[in-house]
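A.B. asks: Take a look at this one; I'll ask things after.
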Amino acid sequence: MASLPGSIRGVVVDREGTVCEGAHIALTEAGSPTAPERTAISDASGRFEFDGVPVGAFTITITASGFSTQVVNGLLHSGENYEAPAITMLVNAAQSDVHVSASQEEIAQAQFHQEVQQRVLGIIPNFYVSYVPNAPPLTVKQKFHLATVSLIDPITILSTGLFAGIEQANNDFKSYGQGAEGYGKRFAANYADNAIGTMIGAAMLPSLLKQDPRYFYKGTGSKRSRIFYAIEMSVVCKGDNGHWEPNYSGLTASLASGSISNLYYPAADRNGLSLTFENSGIGIAESAVQNLFQEFLVRKLTPKLLNYNSPKQEK
């Protein structure tokens, strides 16, 4: 069977974990000594990529002003998308010049711009996932912008209409009645549920509590470790300080949105306090399942992630 070319990707960071933009990466193929050296420059996320690389041993040489040269050796298999371990650049004490990377805010803005374009199969929004290692935290403005973009997305509106139609067909919430008026009430209630949950759980509370509402893709390690990571992330999140902590934002938002929904649902269909807690538990379980899909499936179905392949998520 003929060997298929693969790709080599990686990220360049400094000792503090800040991504290095503008590093020079040279690829040489040990198995093809006559092949010309290929070069790339790390982008605003510190990422680089080589496509169409022949099978065999290779060497990556990374240089940047003010840093010592780093060398990475590896072996590429047929059709493999090789993800190099995070390449840490060390300051060259023999040089007096200083390497200046983009600011954290500039990097976060560049990553944010790409996140709002992430779509499963190119259609379904996949905005709340970061594939970038050591991604800077979102600003308050970015958290509210991301929540707004998610809520006004056409797919969000279409899916809300679909669920409202299913409820009407099943005659759920009988007090709403049938016809256009009944459908409108069901649509409004569904959209309100989504809007309240998203704004409280992904914008307001994360801003107040300084927590990141995104799921951080792990992508490496044993299958067992990734399964436990995905499940744990249903109740744990990354703080804006970079540390992992209980997801107070998401847990509190689940209870708050359930309580607020009692204000606009028909009296006969309102959730009591016990049911609100029960639904919150169900929401945590659903979040765990969604995370498992994110960890093992969604990335493969989300195109144009050239800058979003996280080699490692420390936890």
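Only the coordinates and a few stated rules stand behind these numbers; no lab work does. What you see is a predicted model; the values in this text were computed from it and never measured. Cβ placement follows ideal geometry from the backbone for every residue including glycine, while neighbour counts extend to all protein chains displayed.
A.B. asks: Given a cut-off of under 8 Å on Cα pairs at least six residues apart, what relative contact order in percent is computed for segment 6-89?
C.D. replies: 40 percent
A.B. asks: Note down the nm distance, to one decimal, between modelled labels 7 Å out along Cα→Cβ at THR39 and at ASP51.
C.D. replies: My value for the distance between the label points is 2.1 nm.
A.B. asks: Can you check what the net charge comes to around CYS237, using other residues whose Cβ is under 9 Å from the Cβ of CYS237 (Lys, Arg +1; Asp, Glu -1)?
C.D. replies: Neighbour charge sum, excluding CYS237 itself: 0.
A.B. asks: Using unit Cβ charges (K, R positive; D, E negative) and no other charged atoms, how large, in debye to the nearest 20, is the dipole of segment 6-89 about its Cα centre?
C.D. replies: That gives a dipole near 120 debye.
A.B. asks: Given a Förster distance of 51 angstrom, what is the FRET efficiency for HIS24 paired with GLU181, based on the Cβ-Cβ distance and rounded to 0.05?
C.D. replies: Between HIS24 and GLU181 the formula returns 0.20.
A.B. asks: What's the ranking of 194-203, 162-171 by average number of surrounding C-beta atoms within 10 Å, highest first?
C.D. replies: Going from most to least packed, we get 194-203, 162-171.
A.B. asks: How big is segment 104-301 along each principal axis, measuring the range of its Cα positions in Å and listing the largest first?
C.D. replies: 50, 35, 34
A.B. asks: Further question on the same structure: Using 0.36 nm per residue, how much length does the chain from ALA288 to THR139 gain when fully extended, once their Cα-Cα distance is taken away?
C.D. replies: 51.1 nm
A.B. asks: Would you mind calculating the relative contact order of segment 104-301 from Cα pairs under 8 angstrom and at least 6 residues apart, reporting the percent as a whole number?
C.D. replies: That works out to 21 percent.
A.B. asks: Turning to a different aspect of this structure: Give me the compactness ratio for segment 6-89, meaning the Cα radius of gyration over 2.2 N^0.38 Å.
C.D. replies: Segment 6-89 yields a ratio of 1.04.
A.B. asks: Something else about it: Taking the highest mean first, how do the peptides 58-69, 113-124 order by number of other beta carbon atoms within 10 angstrom per residue?
C.D. replies: Listed from highest to lowest mean packing, they are 58-69, 113-124.
A.B. asks: Now a separate question. With the Cα gyration tensor of segment 162-226 giving a ≥ b ≥ c as the square roots of its eigenvalues, does the rule (a/c under 1.5 for rounded; else a/b larger than b/c for prolate; else oblate) give rounded, prolate or oblate?
C.D. replies: oblate
A.B. asks: Using a cut-off of 10 Å between beta-carbons, work out the net charge of the residues near ARG47 (Lys and Arg +1, Asp and Glu -1, ARG47 not included).
C.D. replies: Here the count lands on -2.
A.B. asks: Something else now. Report the full-extension gain for the segment LYS223 to GLN117: residue separation times 0.36 nm, less the Cα-Cα distance, to one decimal in nm.
C.D. replies: Extending this stretch completely gives an extra 35.4 nm.
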